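Quick notes on the structure that follows.
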Amino acid sequence: MSYTELLGLFSGSAIYCHSVTGESVIEGFTIAHSYAGGGGAISCAVSSLTICDNVIFDCSASGIEGQDGAGGAIYVHLSSAIIRGNTIYDCRVGTGGTGGSIYLSSSPDVTIEENIIAFCTGEAIHSYTDVPVILCNDVWGNTPTNYGGIIPDQTGTNGNLSMDPLFCDALNEDFTLHADSPCLDAPGCGLIGAFAQG
């Protein structure tokens, strides 16, 4: 798969959808170095969307003077969403913010599956009102917790892992997987994340 890069946008969500008619599909992007008050990479409200096979890293959500923020990578409000097969790395919210990777609000129809979410700051997946369907994800190394809001820890249930995904070279933006990665062929799940073996 070829990836379209959205890099260095810095101010405002890289992709923003509001009151979109029909189903939106966000697929095959690399999104990095972008920030907003909510949804550093992708912000969606009053819409229906599928977010799949993307790589999102070094995105953030914060307010004035680095406070608060919601959804360092993805913000979903009053929407239905399928979030599948993405690799999300090193995303964050400001002090007191929630959902270092994914923030959900008033969105009861959300499925999060087959994603790697690693080394994000501010709870990796946070839902304010509804517990989404969470299947076959590797949620690892996030601080202070992997899950937040009303979502209980999903590790060990429905194929969800919390193990080092063993990226080939994340510091140099290579998110392919080492041959020993637990995400290459996870039991009952298959490949987790956007990339296979490097």
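Please treat every number below as a calculation from the coordinates, not as lab data. Here the structure is a predicted model, which means the values were calculated and not measured. Heads up, the Cβs are rebuilt from the backbone with ideal geometry, glycines too, and the neighbour counts pull from every protein chain shown.
How would you classify the chain from its alpha-carbon gyration tensor, with a ≥ b ≥ c the square roots of the eigenvalues: rounded for a/c under 1.5, else prolate if a/b is greater than b/c, otherwise oblate? It is rounded, given that a/c, with a ≥ b ≥ c, falls under 1.5.
Arrange HIS33, HIS18, HIS77 by Cβ neighbour counts within 10 Å, fewest through most, would you? Before the final figure, lay out the partial values.
On the way: HIS33 16, HIS18 12, HIS77 21.
The fewest-first ordering by Cβ neighbours comes to HIS18, HIS33, HIS77.
Amide H to amide H, with H built 1.01 Å from N, THR50 comes under 5 Å of SER24, VAL25, ILE26, ILE82, counting only residues 5 or more places away or on other chains. Residues whose amide H comes within less than 5 Å of that of THR30, counting only those at least five positions distant or on another chain, are THR4, GLU5, LEU6, VAL55 (H built at 1.01 Å from N in the peptide plane). For region 60-165, the square roots of the Cα gyration tensor eigenvalues, ordered a ≥ b ≥ c, give a/c of at least 1.5 with a/b no greater than b/c, which places it in the oblate category.
Phi angles across region 97-102 convert, under the Karplus curve 6.51 cos²θ - 1.76 cosθ + 1.60 with θ = phi - 60°, into 3J(HN,Hα) values of x, 9, x, x, 10, 10 Hz, Gly and Pro given as x.
A cut-off under 13 angstrom between Cβ atoms defines the neighbours of GLY99, and their net charge, with Lys, Arg +1 and Asp, Glu -1, is -1.
Computed over the chain with a Gaussian network model linking Cα atoms closer than 10 Å, the most mobile of ASP185, ASP130, ASP138 is ASP185.
A simple rule links phi to the HN-Hα coupling: the Karplus curve 6.51 cos²θ - 1.76 cosθ + 1.60 with θ = phi - 60°, which for region 25-41 gives 10, 10, 9, x, 9, 10, 10, 8, 6, 10, 9, 7, x, x, x, x, 9 Hz, with x for Gly and Pro. As a proxy for reagent exposure, SER24, SER47 were ordered by neighbouring Cβ count within 10 angstrom, fewest first; the result is SER24, SER47.
Can you list residues whose amide H is under 5 Å from THR176's amide H, if they're 5+ apart or on another chain and H is modeled 1.01 Å from N? Residues meeting the amide H criterion: CYS168, ASP169. Count Lys and Arg as plus one, Asp and Glu as minus one, and take only other residues whose Cβ is under 11 Å from that of SER162; the net charge is then -3.
Taking θ as phi - 60° and the Karplus parameters 6.51, -1.76 and 1.60, the scalar couplings of region 176-186 work out to 5, 9, 5, 4, 8, 4, x, 8, 5, 8, 5 Hz in sequence order, x denoting glycine and proline. Residues considered: GLY122, GLY96, GLY85. Largest GNM mean-square fluctuation over the chain, using C-alpha springs under 10 Å, is found at GLY96.
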